[in-house]
Structures are given as C-alpha cells and as structure tokens.
Amino acid sequence: MAEAKVLSGAGLRGQVAGKTALSTVGKEGAGLTYRGYDVQDLADHCDFEEVAYLIFFGELPSRAQLDAYRQRLGTLRALPQPLRDVLERIPADAHPMDVLRTGCSMLGTLETEKDFSQQQEVADRLLAVLPSMICYWYRFTHDGVRIETATDDASIGAHFLHMLHGRKPNELHARVMNVSLILYAEHEFNASTFTARVCASTLSDMHSCITGAIGSLRGPLHGGANEAAMAMIEPWQSADEAEQALLGKLARKEKIMGFGHAIYKESDPRNAIIKRWSECLAQEVGDTRLFPVSVRCEEVMWREKKLFCNADFFHASAYHFMGIPTPLFTPIFVMSRVTGWAAHVMEQRADNRIIRPSAEYTGHELRKVVPLNERG
Ligand SMILES: CC(C)(COP(=O)(O)OP(=O)(O)OC[C@H]1O[C@@H](n2cnc3c(N)ncnc32)[C@H](O)[C@@H]1OP(=O)(O)O)[C@@H](O)C(=O)NCCC(=O)NCCS
C-alpha cells in the first residue's frame, strides 16, 4: 500500500479533496462563479430561482423553463400534517437551525427518497418547503397561529417574508431576499457541503445528506456567523462606540464574527453586493446607527488586522432592517444553500467513491491489556 501523505496544515486547508463543475471560490481570474457565471453578474441580472435552475441543470433557463420551474416549486410549499405536528411540538426557545434539522429529517421519513431517480424531486421539494417549515414553527410558537404555507408569491424570498410577517413584502425587500439567496446558494467544498458529500459518498439518501449539512452550517464559524455578527453590533449606539469596543475585543484576541475567510484572502466578493443592499435598506428605514456602526467595523478590522467582511457581516444589518428576527438568519442560509448541497450530492453520486481519508496517529505505542483486577 502506498504511504499516505501527512498534511502539514490543520483543517485540510489548501487540499484538493475532489472535483466539481458547480462553482469556483477565489480562483485566480475567476473569483466566485456558479457554473461559469460571476456571482455579481447573477445577482445583478437573475432571480434566485433562475440561479437554482442553473446550479441544478447546468444552464440558465429560458423564459418558459423558468416559468415552469417556478410553478413547480410553487406547488411544493405545503407541509404534510405529521410534519406540522412535529413542528408544533418543538419548543419556542429551540434554535431554529435545530428546527430545520429536525424538520428535514422528519420529511425524510414521510417522503423517503426510494432511489436516486427521485433525487431532483427531493431537491425541489426541499427548496420549496424549507421556508414553510421554519415559518410555520416560528409563527406557531411565537404568535400562536397556524399559518397557510401555500402562498401565491412568485419567489422563494417573497414567500418567506410573506409567511414570516403575515403580509406581502414590498419590492425592495423581495429583491434583497432574492439577492441574498443568490449569494448564499453555492460555495464549493465549504464545511457543510463537504458534510453533504461525505454522506452522499456512502450512497445514503438525500434527506440524510441535507440534515447533516444543516448541522454543520449551524456552527458560528460557518453559517452561524451572521447571527453572531448581529449580536455583536446590536448594542453599539454609535460608530465611535463600535470602534472602541472592537479594539477591546481585538486586544483580548477575540474572534470577530463576520470577518475573515478560509479561502478568500483580501475580500469576499459577496460582501460588496450585500453591503450595497444593506445601505438601501438603511435609507428606507431611516437608520443612522447600525449601518454606520457596520461600516466602521469594516474600516477598523481592515486597518488593525487586514481582515475583511465576509458574506455574513452586512447580511446581519440587511436582514435586521427587513424585520427578520436574528435567530432566523442562519435558516435563510439553509433555504438558499440547499441548492448547492443537493447539487453536490448529485455530483458526488454521479462519480462516486466513498470518502474515507486517513489520520496521522498521535496516540500510545502498542501495549498489552492489564487485567482489571491487576490495575491500580
Ligand atoms: C472563517 C474562518 C473560520 C477562517 O478560519 P482560518 O482559515 O483558520 O483563518 P485564517 O487562517 O485566515 O486566520 C489567520 C489569522 O487571523 C485570525 N482571524 C481570522 N479570522 C478572524 C476573525 N474573524 N477575528 C479575529 N481574528 C481572526 C486567526 O485567528 C489567525 O490568527 P493566528 O494566526 O494568530 O491564529 C475565520 O476567519 C473565522 O473564524 N471568522 C469568523 C467566523 C465567520 O465569520 N465565519 C463565516 C465564514 S464565511
């Protein structure tokens, strides 16, 4: 057997762990692309459903294909009664990511993927139904209402805001949700996607792959960073106060959520896009605090540490301005990234070998068992 190479860096950083035709992240001359399209281009010219179609099927849809796909997703929003029953039993103070993880797993028992010929069906169903799941649970446990999840909203983003607030969103909010879902849709071999691919490589079912991915995304070093960023900036009353507090955190060597990236080294291309929309929303709501506080954080982090905002930082203020409760920030990431996860599962299945790396052993030399009655 060939001797395995021991990696010098922790976290598998820089290792090519497989192939993908779905996206590039930080590649020289390409940046962040989905199926060969720059994310900025997609955010400027497309709706999220177009991008989901692109990620799944490889090409942007024609008008007729998009209409048909939207219509199809629109018919998949209803929650089966046993899933509603489960959601109603989850406590109001549960973490919404745990709700989605449980909901996805429960759906897998009701609508089990019987064989891989059903994979696109399952992916579409999840894309359509995850917003229903989170809003149904949230509104039931927080407002005591059983909402209707089968709305006629054209887009997934508007559907989510409609269910959450009980009224249709204005055009700006629907647009920002749309852009946000595009920005979060796919990101190569990040931790949650890699989780999904490892699970897929055992030839497991789609719901198991997505359930595992939700668990990985939950952590504050990954998707949870947008919530952590909001918790950090929320109490700061001015940009000056933010600067002082941030300098203190840096002096104490605290991690600042929403900054830095495992792959990008100078900037995250998603940041400029969501920052611009956050500014529009700040103007709409007449904000004179959170947006300037966020901008100052960006300046201080770059000046002091050469650390830049990742996709999560300005998402925090943008979501806040749209009246979205902070604990629902990461679930929005799920509603979007399920596209990338499911596409990666399909890609893994199409050219599969079980993912099974090795470990460098750092434990004891071989030793003999001392019988129990002889141990001290
Ligand atoms: C994303 C993240 C996990 C990448 O981790 P990583 O690849 O290990 O980061 P790097 O190798 O670039 O880190 C280099 C140095 O910068 C520091 N650093 C990186 N991100 C930092 C942050 N957000 N705040 C403070 N210091 C940070 C690291 O601690 C490290 O310092 P050290 O060399 O003294 O240990 C990390 O930047 C982080 O924890 N960010 C905050 C969480 C976040 O926003 N996650 C969402 C990612 S999209």
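The values are calculated or read from the model by the stated rules, or taken from the named source; none is laboratory data. Remember, it's a predicted structure, so these values are computed and weren't measured experimentally. Counting neighbours? That spans all protein chains shown, and the Cβs are built from the backbone with ideal geometry, glycine included. To get the accessible areas, we keep the full protein, side chains included, count just its heavy atoms, and leave off ligands, DNA and RNA. Shrake-Rupley method; radii C 1.70, N 1.55, O 1.52, S 1.80 Å.
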What's the total number of residues in the stretch 223-260 that are within 16 Å of the ligand (Cβ to nearest atom), buried (at least 18 other Cβ atoms within 10 Å of the Cβ) and of a type outside the set (S, T, N, Q)? 17
Being among the acidic types (Asp, Glu) and modelled with pLDDT under 95 is the filter here; which residues of the stretch 235-267 pass it? Glu266
Taking the residues in the stretch 113-158 that are among the aromatic types (Phe, Trp, Tyr) and open to solvent by 10 Å² or more (accessible area, probe 1.4 Å) as candidates, determine which candidate is nearest to Asp205 (Cα to Cα). Phe116
Does Pro292 meet the test of being touching a residue at least 24 places away in the same chain (Cβ under 8 Å), open to solvent by 10 Å² or more (accessible area, probe 1.4 Å) and touching a Gly at 6+ places or on another chain (Cβ under 6 Å)? no
So Leu181 passes all but one of these: (1) more than 9 Å from the ligand (Cβ to nearest atom); (2) hydrophobic (A, V, I, L, M, F, W, C); (3) out of contact with any His (no Cβ under 9 Å at 6 or more places or on another chain); (4) open to solvent by 30 Å² or more (accessible area, probe 1.4 Å). Which condition number does it fail? (4)
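Mind listing whichever residues of the stretch 313-332 are within 14 Å of the ligand (Cβ to nearest atom) and either open to solvent by 10 Å² or more (accessible area, probe 1.4 Å) or in contact with a Cys (Cβ under 8 Å, 6 or more places away or on another chain) (or both)?
Residues of the stretch 313-332 within 14 Å of the ligand (Cβ to nearest atom): 313-316, 329-330.
Hit for the stretch 313-332 is Phe313, nothing else.
Quick one: is Gly340 at pLDDT 95 or above, among the small types (Gly, Ala, Ser) and open to solvent by 10 Å² or more (accessible area, probe 1.4 Å)?
Numbers: at pLDDT 95 or above: yes; among the small types (Gly, Ala, Ser): yes; open to solvent by 10 Å² or more (accessible area, probe 1.4 Å): no.
So Gly340 does not fit the description; no.
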Using the structure shown, decide if Pro220 is surrounded by fewer than 23 Cβ atoms within 10 Å (Cβ to Cβ), within 16 Å of the ligand (Cβ to nearest atom) and within 15 Å of the chain's Cα centre (by Cα). yes
